[in-house]
1. Looking at PHE94, PHE100, PHE54 in this structure, which one is more than 18 Å from the chain's Cα centre (by Cα), within 26 Å of ILE145 (Cβ to Cβ) and at pLDDT 95 or above?
2. Return yes or no: is GLY166 part of a helix (DSSP H, G or I), of a type outside the set (S, T, N, Q) and surrounded by 13 or more Cβ atoms within 10 Å (Cβ to Cβ)?
3. Within the stretch 146-156, which residues are open to solvent by 30 Å² or more (accessible area, probe 1.4 Å), touching a residue at least 12 places away in the same chain (Cβ under 8 Å) and under 22 Å from LEU37 (Cβ atoms)?
4. Filtering the stretch 112-139 down to residues that are hydroxyl-bearing (Ser, Thr, Tyr) and open to solvent by 40 Å² or more (accessible area, probe 1.4 Å), which residue is nearest to GLN150 (Cα to Cα)?
5. What number of residues in the stretch 116-143 are in a helix (DSSP H, G or I) and either farther than 29 Å from VAL172 by Cβ or free of Cβ contacts under 8 Å to residues at least 24 places away in the same chain (or both)?
6. Of all the residues that make up the stretch 1-44, how many are β-branched (Val, Ile, Thr) and surrounded by 15 or more Cβ atoms within 10 Å (Cβ to Cβ)?
7. Report whether or not HIS89 is open to solvent by 30 Å² or more (accessible area, probe 1.4 Å) and in contact with an Asp or Glu (Cβ under 7 Å, 6 or more places away or on another chain).
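The values are calculated or read from the model by the stated rules, or taken from the named source; none is laboratory data. Computed from a predicted model, the values in this text were never measured in an experiment. Glycine also receives a Cβ, built like all others from the backbone with ideal geometry; neighbour counts cover every protein chain displayed. The protein model used for the area step is the full one, side chains on, heavy atoms only, and it has no ligands, DNA or RNA in it. Shrake-Rupley method; radii C 1.70, N 1.55, O 1.52, S 1.80 Å.
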Amino acid sequence: DTLLFLWQLHHEIRSILNLDVSGFFNANIFHPYKLTLAYNDLILGDALLGLPVFLLTGSPVLTYNVVLLLTFVLSGTGMYRLALHLCHHRPAAFLAGMAFAFLPFHVAHMVHLNIQSTQWIPFTLLYLHRLYESGRLRFLIPFSIYLALQAVTCGYYGIFLFLFIGVFVLLV
């Protein structure tokens, strides 16, 4: 699976750089079939995350490794910020961030970049809380950006997040 995600990350980054919208899903795999990139989860959020690394180095392997490490760092940071916002206790927020970033589920699925990519979930929930608590529409923009990033990074988590937000809106 690592090689598949390495190839997919490289393909998506190249498509972004070439502004190849029409050929984005027509990847060079499973010839002669069309739209073959749609056979797997998109990792477009990870491709955007790795774009600067690829531009600096031109190495898809280094880009993949940096993106994989960033999923841990950003997941932990996002959960830290969410927990700090909710409980206002730095040590507890730090533990929450570490627990979320290094869940046994994450470690067990190290080779699945899409499943590793939970980094946008806590940021989405943080801005959902801020939007609800303050009522200010300025929090709608980061909320929407993080929600969209999660949806195009891992479809599974995107669906779960949409369902959670729906339940949150209904109950609040």
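1. Going through PHE94, PHE100, PHE54 in turn, just one is more than 18 Å from the chain's Cα centre (by Cα), within 26 Å of ILE145 (Cβ to Cβ) and at pLDDT 95 or above: PHE94.
2. no
3. Across the stretch 146-156, the qualifying residues are LEU149, VAL152, TYR156.
4. That would be TYR132.
5. First, the residues of the stretch 116-143 that are in a helix (DSSP H, G or I): 116, 120-134, 137-143.
Among the residues that remain, those that are also either farther than 29 Å from VAL172 by Cβ or free of Cβ contacts under 8 Å to residues at least 24 places away in the same chain (or both) are: 116, 127, 131, 133-134, 137-143.
Within the stretch 116-143, residues that are in a helix (DSSP H, G or I) and either farther than 29 Å from VAL172 by Cβ or free of Cβ contacts under 8 Å to residues at least 24 places away in the same chain (or both) number 12.
6. Within the stretch 1-44, residues that are β-branched (Val, Ile, Thr) and surrounded by 15 or more Cβ atoms within 10 Å (Cβ to Cβ) number 4.
7. Working: open to solvent by 30 Å² or more (accessible area, probe 1.4 Å): yes; in contact with an Asp or Glu (Cβ under 7 Å, 6 or more places away or on another chain): no.
Judged against the criteria, HIS89 is not a match.
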